[in-house]
1. Which lysines, if any, have their Cα less than 23 Å from the Cα of A:Lys28, not counting same-chain residues under 8 positions apart?
2. For segment A:3-82, what is the charge dipole size about the Cα centre, in debye to the nearest 20, if Lys and Arg each add +1 at the Cβ and Asp and Glu each add -1 at the Cβ?
3. Smallest Cβ-to-axis distance in chain B, for the rotation taking B to A: which residue, how many Å?
4. What accessible area, summed over both chains, is buried at the A-B interface (1.4 Å probe, Å², nearest 100)?
5. Residue by residue through segment A:49-57, what is 3J(HN,Hα) from phi via Karplus (6.51 cos²θ - 1.76 cosθ + 1.60, θ = phi - 60°)? Round to whole Hz and write x for glycine and proline.
6. As a test of the formula, what do you get for chain A when each DSSP H run with n ≥ 4 contributes -39,500 (n - 2.57) and the sum is divided by the residue count, at 222 nm and rounded to the nearest 500 deg cm²/dmol?
7. Å³ per residue of the Cα convex hull, for segment A:3-82?
Protein chains: 2
Amino acid sequence: MDAITVIGLIAALFTTVSLLPQLIKVWKTKSTKDISTSMFALFGGGVLLWFIYGLLVNDFPIIIANSLAFVQAVIILVFKLKFK
Amino acid sequence: MDAITVIGLIAALFTTVSLLPQLIKVWKTKSTKDISTSMFALFGGGVLLWFIYGLLVNDFPIIIANSLAFVQAVIILVFKLKFK
């Protein structure tokens, strides 16, 4: 694995892991008032497209990061709709 | 411009634009209680690394999306620290 792929994987780790604290916070507080539905809807759509892009350019960091980000964005969206 | 680059640019547009509604919401409500500081700190660090990765692999959609996302993530973080 070359250095560029390592940087990509670290980048992927950061952006993927970043959604977890938000997910845990919403889960604990059951409060989503300040969270923008549009943000997570657009973000979810965006990472789904990035995932497709990653498959097309055969880029592993893009594929792994965006598939995991998509799942978390959808869960946060579900919480947002569940806990008004 | 080939079809793959177009998909990448649309993906970039979605994930970049996604932060704007959150930024506007925080700006209007001055309320950030439900927003996770860790999320936007990790996300900001992650998109900065993606930006560097984009430069290294010379991938235009990755470069443009992540530079804009970085700026917005930093602004949301500043709001989070300013409006407790």
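The values are calculated or read from the model by the stated rules, or taken from the named source; none is laboratory data. Everything quoted here is computed from the prediction, not taken from an experiment. Because the Cβ atoms are built from the backbone with ideal geometry, glycine has one as well, and the counts that use them run over all protein chains shown. SASA here: full protein model, heavy atoms, side chains in, ligands and nucleic acids out. Shrake-Rupley method; radii C 1.70, N 1.55, O 1.52, S 1.80 Å.
1. By straight Cα distance, A:Lys28 reaches A:Lys80, A:Lys82, A:Lys84, B:Lys25, B:Lys30, B:Lys33, B:Lys80, B:Lys84.
2. With Lys and Arg at +1 and Asp and Glu at -1, about 480 debye.
3. Nearest-to-axis residue on chain B, with distance in whole Å, is B:Asp34, 2.
4. Numbers: alone 5790 and 5800 Å², together 8160 Å².
Buried area between the two chains comes out at roughly 3400 Å².
5. Values per residue, Gly and Pro as x: 5, 4, 4, 5, 4, x, 5, 5, 8 Hz.
6. -30000 deg cm²/dmol
7. Taking the convex hull of the Cα positions in segment A:3-82, it is 73 Å³ per residue.
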